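To start, the structure under review is shown below, and the notes come after it.
Values in this text are rule-based calculations from the coordinates and carry no lab data. If you're wondering where the values come from, they're calculated on a predicted model, not measured in any experiment. Cβ placement follows ideal geometry from the backbone for every residue including glycine, while neighbour counts extend to all protein chains displayed.
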Amino acid sequence: MSDTTTETTAGTTGSSRVKRGLAEMLKGGVIMDVVTADQAKIAEDAGAVAVMALERVPADIRAQGGVARMSDPDLIDGIRAAVSIPVMAKARIGHFVEAQVLEALGVDYIDESEVLSPADYVNHIDKWKFTIPFVCGATNLGEALRRINEGAAMIRSKGEAGTGDVSEATKHIRTIKSEIAALTAKSSDELYVAAKELQAPYELVAEIAATGKLPVVLFTAGGVATPADAALMMQLGADGVFVGSGIFKSGNPAQRAAAIVKATTFFDDAKVIADASRGLGEAMVGINVADLAAPHRLAERGW
Amino acid sequence: MTTRPVGVLALQGDFREHIEVLRALGAEAVGVRRPEELAEVGGLIIPGGESTVIDKLSRTFGLAEPLKAAIARGLPVWGTCAGLIMLADRISDGIEGQQTLGGLDIEVRRNAFGSQSASFEVDLEMPVLGDPPLHAVFIRAPVVEAVGAGVRVLAQLDDARIVAVEQGSLLGTSFHPEITGDYRFHEYFLDRVAAQ
């Protein structure tokens, strides 16, 4: 694996340690989807650790259909100007020019996201070529390792975005965690076949068998709508939570956002989660994933 | 040697890394999220994370006032990155309503190097640690823009910007010794906790 690092007298930028390091600092936090500068401000005030700038939240992408692309640079600039916390933005899978544009705009993290329409059904972006770090979605360990091999500095389990149904998020984080646990139980001569079955590089597979964890931070996403949902993800072993449509498609976004932040920090304290869950008003209406025809499932984009 | 554990503020950020380093160095380390947990510790690290979030959660869950009282009593506290911001008396570019615990007579600027693309790692001369230089990772890091008379500067970048300070029982660093594998600054902090 190579790394596009830049040496200057002031130091080295774009190294894996620097890219992965920002995700380390986001741990225990909530990253919130926002579509306007006002929403970004509400998110920051509620305790978001970062915001994801996009034109439409996944629930609207789902409802309105059509091709979903990178956001307008003016919208991203407006959100960057409104907040001091890190700003992330989404590029289409394989669309390395959208990623180049986002890097030029000075966002802090790029999400190569299945929520947008893929631009390449074969290749993901070669993320080692960028100074800016990337987060990528994964439904299982093999997918996570392929993304890390391409240079992803952070992984989020995909869930099913824009549904408010947490069941796919649960499935994906459980799958990744249990596949990691299974690797640690294997003897060293079994890891070659494990790498073949996971369709992932042997070196990464051996590293995970030895350490019992991914070499990058693992957040979870896709369907988190309540404080209890966020705490569920944390108890299942996520390092933090992305909340997309769940906040600004609900009755009282500011209060719900703050409540999800509290429940993420005190994920193991049911009294705090109970208090945070009171009086939040209406949650997003949601769609049961089981009712979605397979072609409309975003998690199946990416491979 | 104190028998009280060393706490790491565990509201948000990379507290797990600090806890692992402290344990690797033989110290007893615990996460701190509640006032009663703070009362048990003989020293505290405030980790990297988002200062706006750590500020908000520390006030929401009733930790801010006990933390200020502990700092006033002389508890050894070390802040890294967001933790440095939390210990600063003044922030030059906080968000509206952002508060700090204070204690260090300094002014800090958040995200002083710009967006994530400008985050970097560098070897840093640190006289209190001797040779070799400490490898330091700066992630959307703050810098110290002004220091009061009682503040000792522990490290500066080549352009003279201040990135590590000490005042009384408080330490602050812009960077993250917990993610580099060189734990001499953690040892420096533990020595101060033990001397307390």
*Using a basic spin-label model with each label point 7 Å from the Cα along Cα→Cβ, how many nm lie between B:Arg23 and A:Lys196?*
3.7 nm
*asked:* Give me the mean projected area, in nm² to one decimal, of the convex hull enclosing the Cα positions of segment B:25-174.
replied: 9.3 nm²
*Using a Gaussian network model of chain B with C-alpha springs under 10 Å, which one of B:Val41, B:Val153, B:Val128 is most mobile by mean-square fluctuation?*
B:Val128
*asked:* Can you tell me how segment A:1-135 classifies by the Cα gyration tensor, rounded, prolate or oblate, using a/c under 1.5 as the rounded cut?
replied: oblate
*Residue of A:Val216, A:Val115, A:Val30 that the Gaussian network model of chain A assigns the largest fluctuation, springs spanning Cα pairs under 10 Å*: A:Val216
*For segment A:215-280, what class follows from the C-alpha gyration tensor (a ≥ b ≥ c being the square roots of its eigenvalues): rounded when a/c is under 1.5, otherwise prolate if a/b is larger than b/c, else oblate?*
oblate
*When chain B is modelled as a GNM with alpha-carbon springs shorter than 10 Å, which of B:Thr100, B:Thr180, B:Thr52 fluctuates the most?*
B:Thr180
*Specify whether the C-alpha gyration tensor of segment B:77-164 places it in the rounded, prolate or oblate class, a ≥ b ≥ c being the square roots of the eigenvalues: rounded for a/c under 1.5, otherwise prolate if a/b is larger than b/c and oblate if not.*
oblate
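At a threshold of 8 angstrom on Cα-Cα distance, excluding pairs fewer than six apart, so keeping six or more, what relative contact order does segment B:43-83 reach in percent?
Working: 38 pairs, mean separation 30.5, N = 41.
Relative CO of segment B:43-83 lands at 74 percent.
Select from chain A the helices, each a whole stretch of DSSP H, whose alpha-carbon atoms run 15 Å or more along the helix axis and whose Kyte-Doolittle mean is at least 1.6; answer none if there are none. Can you show the working numbers first?
Values: long enough: A:16-26 (16 Å, -0.19); A:167-184 (26 Å, -0.19); A:253-265 (18 Å, 0.22).
Going by DSSP H runs, there are no hits.
Could you tell me which of the pairs A:Lys41/A:Lys249; A:Lys90/A:Lys213; A:Lys90/A:Lys158 are separated by over 20 angstrom between their Cα atoms in the structure shown?
Values: A:Lys41/A:Lys249 16 Å; A:Lys90/A:Lys213 26 Å; A:Lys90/A:Lys158 14 Å.
Pairs exceeding the cut-off: A:Lys90/A:Lys213.
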*Taking the Cα centre of segment B:45-169 as the origin and placing charges on Cβ (Lys, Arg +1; Asp, Glu -1), which of B:Ile46, B:Leu124, B:Leu157 is farthest toward the positive end of the dipole?*
B:Ile46
